[in-house]
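Accompanying notes for the structure given below.
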Amino acid sequence: MNLKLINIKSLGGVHKEGTKWLRGADLAHFPTIENAYLIIKEGKISSFGPMSNCPQDELPVQNCNGQHVMPAFVDSHSHLVYAGTREEEFNLRLKGASYEEIAAAGGGILNSAAKVSTSNIDELVGQAQFRLQNLIDYGTGTLEVKSGYGLDPENELKLLRAIKTLNKKSSATLIPTFLAAHALPAWAKAQGMDDASYTKYMLEQCLPILQSEGLALFLDGFIERDYFKLNALQHLIDASAQSGLPLKIHVNQFYDIGGIEMAVAAQALSVDHLEVMTPEAMNSLHGSNTIATLLPSCSYFLGIPYGPARDLIENDTVVALATDYNPGSSPGGNMQLVCNMACTKMKMTPAEVLNAATLNGAAALNLSDRKGSIAVGKDADLVITKEIPSLEYLCYDFGINHIQTTILGGHIQ
């Protein structure tokens, strides 16, 4: 689709050509052009600039008078494809049960896995399609989607095939990740497996198939004291080196067991959660190319600490924001709300937040050459706001959808 947007009140996220990510003081500037135009041709950004330079051509025109335009959000950590819901566990937590206690009683991840095992691909896709459309309406254009609720080879591959099917049906860009180590199921315990041997088994059984079918672009594991420890992480590191699939690792959500240092040393693309940080973990991230992905809606929902965004930014760490959309610890994928939480609870500025939720999110998926900023040749994944005072207002006024129109690949959704 070809389209010309004119009279844009402000066009945001206009970074220097070739900018891969932003860190430190650079994160605090979300560059804008006031009273701007932008031209889309064949699904790509063709040109943009001030209205005084707007070409006179015969393209279809959309007048954005009073509205702002910026890149669509890039959600670099989600579990969008799952079966059923877990509001009964929410009730238990309100009565005092902890995340770990619910998991030990067969809830949590094991609960979702049981529901996945009795669902077929069409059912999984149907449920996720409804969720995804809501996210698109709220401005998300690209999101990573993890498996992890299968817990055996058959059901993990089913989830990854559902993600692939959903990707073909949607205008959004879905990036599949194989979450090989999420929880240790009863069948594995019965066979005498521990967290490390189970991880090795899952990788050996699934990797050849998911590579032959193109089912995953990243590998992941839940590295935690009570879930998967450093020996399991080593299996993931070895599998990443052998397969060429980069690592995106859940780590430091509840405890620090040295996973961040190990992941950074292995050149993981991102380490995600980081609610609990030690000086050693912080030092390992200093100036590194491993992206720290923070998930404030998970902290909000579970009532756990928020990731130390200010310390990480001042530590010269690349920081991204994502939703962690999943049925147990973050049952919502609204990136606008994540932006507000990052400001109010993690003391990030609106400019830092908008950069972390767009360009740095794209970098956390190796997509910053295509997504996350306004640049000629990038995918025309854009949002047009309603008539609001500024782009910063997206981070300020929470609970309302401020997106009027989402454009993905040049097509109005």
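The values are calculated or read from the model by the stated rules, or taken from the named source; none is laboratory data. Just so we're clear, the structure is a prediction, and the values are computed from it rather than from any experiment. When we count neighbours, we look across all protein chains shown, and the Cβ atoms used for this are built from the backbone with ideal geometry, even at glycine.
Yes or no: the range 272-279 includes at least one residue that is assigned to a strand (DSSP E or B) and in contact with a helix residue (DSSP H, G or I) (Cβ under 9 Å, 6 or more places away or on another chain). Checked the range 272-279: at least one residue is assigned to a strand (DSSP E or B) and in contact with a helix residue (DSSP H, G or I) (Cβ under 9 Å, 6 or more places away or on another chain).
Pairing residues of the range 1-20 that are over 21 Å from LEU354 (Cα atoms) with residues that are of a type in the set (Gly, Ala, Ser) and assigned to a loop (DSSP other than H, G, I, E, B), at Cβ distances under 9 Å and at least 6 apart in sequence or on separate chains, gives MET1/GLY43; MET1/ALA380; MET1/GLY409; MET1/GLY410; ASN2/GLY410; LEU3/ALA380; LEU3/GLY410; ASN7/GLY66.
Residue under question is ALA281, and the condition is that it be more than 19 Å from the chain's Cα centre (by Cα) and among the aliphatic types (A, V, I, L, M); does it hold? Answer is yes for this residue.
If the condition is being of a type in the set (Asp, Glu), closer than 18 Å to GLY409 by Cα and surrounded by 22 or more Cβ atoms within 10 Å (Cβ to Cβ), then the range 332-375 contributes no residue at all. Of the numbered criteria (1) surrounded by fewer than 21 Cβ atoms within 10 Å (Cβ to Cβ); (2) touching a residue at least 12 places away in the same chain (Cβ under 8 Å), the one PRO389 fails is (2). Counting only residues that are farther than 17 Å from PHE30 by Cα and more than 14 Å from the chain's Cα centre (by Cα), the range 311-330 holds 9 of them.
Look at (1) crowded, with 19+ Cβ neighbours inside 10 Å; (2) touching a residue at least 40 places away in the same chain (Cβ under 8 Å) and you find that ILE39 fails only one, number (2). Sub-6 Å Cβ pairs linking a first residue in the range 264-278 that is farther than 18 Å from LEU365 by Cβ to a second residue that is crowded, with 24+ Cβ neighbours inside 10 Å and modelled with pLDDT of 95 or more, at least 6 apart or interchain, are GLU275/GLN253; GLU275/GLY307; VAL276/ASN252, ordered by first then second residue.
Elements of the type helices (runs of 4 or more DSSP H) sitting completely within the range 78-146 and holding at least 3 residues that are within 19 Å of TYR300 (Cβ to Cβ): these cover 87-94, 99-104, 121-137.
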